[in-house]
Amino acid sequence: KKYVAEPFKIKMVEPIRMTTREERVEKLKAANYNVFYLAADDVYVDLLTDSGTGAMSHEQWAGIMRGDEAYSGGKSYFKLLDAVKDIFGYKYAQPVHQGRAAEKVLFPTLLKKGQYCIANMHFDTTRAHVELSGGTPIDCVCEAAKNPAIYDDFKGNMDVEKLEKLINEYGKENVGAVLMTITNNSAGGQPVSVKNIKETAAVAKKYGITFVIDAARYAENAYFIKQREEGYQDKKIADIVKEVFSYADAFTMSAKKDAIVNMGGIVGIKDNAEMYENVKAMTIPYEGFITYGGLAGRDLEALAIGLYEGIDDDYLKYRIGQMEYLGSKLKEAGVPFQFPVGGHAMFLDAKALLPHIPYNEFPGQALALELYLEAGIRACDIGSYMMGNDPDGVQIESEFEFTRLAIPRRVYTQSHLDVVADAIIAIKERASEIKGYKIVWEPKVLRHFTAHLVPL
Ligand code: F0G
């Protein structure tokens, strides 16, 4: 597939450092074979996350200067409210400092102790906030998501039939929320169709359950709908976004992704005044007064601008085009990954690429480390290494062993993607020589961020 040329030119540059393989061998050892310990300065192409790592536009930087820093009632706050009304059609918006803060101020108002939250898939922090609210998160993704090798237009979808079965099984009074993550990050940045969102909303409504969208990558999801769903080819992204959100009661958003800011988040509420009151009551003690919600006025200004830039048709064509370019190069070379490529990340199938490494020697992690050694690329494990241990201290075997390469927005060029593709292909050629890893120290929770490993 041809590379889609950038709909922007570069006005400011940030040098990145090339290192030698010898240096990287030393750096990795000093980092205890954990990519989170690497200094960013020792990384050439940093694909650890697409969150907060995008490049703001000159309009956004100009907005930074215009930001109104009033404690209460600042201009930038009203500009953000207007943008949310205009783009999503929602009456209420509460800015917060990032996505997990949106979860923190909304979920305890929706979930009572012992209730379930059923999602296509929960992102890690969402799962954590459901649990912190006393609820139980249940993933209910469609079967297609579970086979990386097979094409499907909408691998992010909810299994709606199963959703209804679960609601009946648990009892509707025991389900506090139905949640749709768009795109579905944990399944590989896979999109969800309008049809699926509509059907999910109908089930939620039938049982009187609040339907929430986790909107981190709402714009990328809309682009996939335009490309793949019948009847949407001639619609504008903005119209697709509006339709999608019309089916939900509320959304939580990490604005660090599709709204292309380095920090920020939003809770959007369609029209439920009581829900908004509850969210405000949570925001003030945790995030700050409602007209800034943990952000500086300048951040609100950049966010209001970024929401529009994120849904620009030309930008999205380039953005998803970049992913498809990388995907087609790897497909051609026979590299296994969650296929088709997602909106924000390539999920390499380390289980298929390194079949000789068992789950408890962490193939996803081994591949991530090999990418660093090969070309100074930083990726991360989404597999058994990340899953950690069960309450008895026994290693969990993950259903997947992925290595995630998340692509920051408007940051890297075609040449960088070629470096990435070449590195992966070179590793594939000598895959059988790659060894697994062993953990020599780990903390009790979220071990993947800080554990120490050694090669086997
Ligand atoms: N929801 C989804 C779907 C996410 O991907 C993330 C973050 C969050 C919520 C939380 O937002 O980081 O602003 O607090 N995902 C990042 C990632 C960290 O690398 O995938 P946050």
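The values are calculated or read from the model by the stated rules, or taken from the named source; none is laboratory data. What you see is a predicted model; the values in this text were computed from it and never measured. Heads up, the Cβs are rebuilt from the backbone with ideal geometry, glycines too, and the neighbour counts pull from every protein chain shown.
The residues of the stretch 76-101 that are of a type in the set (D, E, K, R) and free of Cβ contacts under 8 Å to residues at least 24 places away in the same chain, listed by number, are K85, D86. Does any residue of the stretch 231-248 turn out to be assigned to a helix (DSSP H, G or I), within 16 Å of the ligand (Cβ to nearest atom) and under 19 Å from the mean Cα position of the chain (by Cα)? Yes, the conditions are met somewhere in the stretch 231-248. Going by what's in this entry, would S186 be described as within 28 Å of E401 (Cβ to Cβ), away from the ligand (no atom under 13 Å from the Cβ) and out of contact with any Pro (no Cβ under 8 Å at 6 or more places or on another chain)? So S186 does not fit the description; no.
Against the condition on the phi > 0 side of the Ramachandran plot, at pLDDT 95 or above and charged (D, E, K, R), how does R410 come out, does it pass? Answer is yes for this residue.
Can you tell me how many residues within the stretch 105-127 are in a helix (DSSP H, G or I), surrounded by fewer than 24 Cβ atoms within 10 Å (Cβ to Cβ) and touching a Phe, Trp or Tyr at 6+ places or on another chain (Cβ under 7 Å)? Please lay out each step first, then the result.
From the stretch 105-127, those in a helix (DSSP H, G or I) are 105-110, 124-127; that's our starting set.
With surrounded by fewer than 24 Cβ atoms within 10 Å (Cβ to Cβ) added as a condition, the list becomes 108-110, 124-125, 127.
Filter again for touching a Phe, Trp or Tyr at 6+ places or on another chain (Cβ under 7 Å), leaving none.
The total comes to 0.
Residue pairs whose Cβ atoms lie under 7 Å apart, separated by 6 or more positions or on different chains, with the first residue in the stretch 122-139 and farther than 13 Å from S186 by Cβ and the second of a type in the set (F, W, Y) and in a helix (DSSP H, G or I), are H129/F107; V130/F107; S133/F107.
For D392, indicate whether it is surrounded by fewer than 17 Cβ atoms within 10 Å (Cβ to Cβ), out of contact with any His (no Cβ under 9 Å at 6 or more places or on another chain) and assigned to a helix (DSSP H, G or I). Give the steps one after another, and end with the answer.
Working: surrounded by fewer than 17 Cβ atoms within 10 Å (Cβ to Cβ): yes; out of contact with any His (no Cβ under 9 Å at 6 or more places or on another chain): yes; assigned to a helix (DSSP H, G or I): no.
In short, no.
Taken over the stretch 335-362, the criterion of being surrounded by 24 or more Cβ atoms within 10 Å (Cβ to Cβ) and within 11 Å of A149 (Cβ to Cβ) is satisfied by F337, Q338.
If the condition is being closer than 12 Å to V194 by Cα, within 18 Å of the chain's Cα centre (by Cα) and either within 13 Å of the ligand (Cβ to nearest atom) or among the acidic types (D, E) (or both), then the stretch 219-230 contributes only N221. Scan the stretch 335-359 for residues that are out of contact with any Gly (no Cβ under 6 Å at 6 or more places or on another chain) and over 21 Å from Q322 (Cβ atoms) and jot them down. Those that are out of contact with any Gly (no Cβ under 6 Å at 6 or more places or on another chain) and over 21 Å from Q322 (Cβ atoms): K351, A352, L353, L354, P355, H356, P358, Y359.
The residues listed here are S193, S186; of these, the one that is under 22 Å from the mean Cα position of the chain (by Cα) and modelled with pLDDT under 95 is S186. Pick from A149, A102, A145, A177: which is within 25 Å of F224 (Cβ to Cβ) and assigned to a strand (DSSP E or B)? Every option except A177 fails the conditions. Quick one: which of L295, L300 is surrounded by 23 or more Cβ atoms within 10 Å (Cβ to Cβ) and outside any loop (DSSP other than H, G, I, E, B)? One residue alone meets the criteria, L300.
Okay, residues lined up against (1) more than 16 Å from the ligand (Cβ to nearest atom); (2) of a type in the set (S, T, Y); (3) under 23 Å from V130 (Cα atoms):
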position	(1), (2), (3)
S57	yes, yes, no
W61	yes, no, no
M65	yes, no, no
Y92	yes, yes, yes
K104	no, no, yes
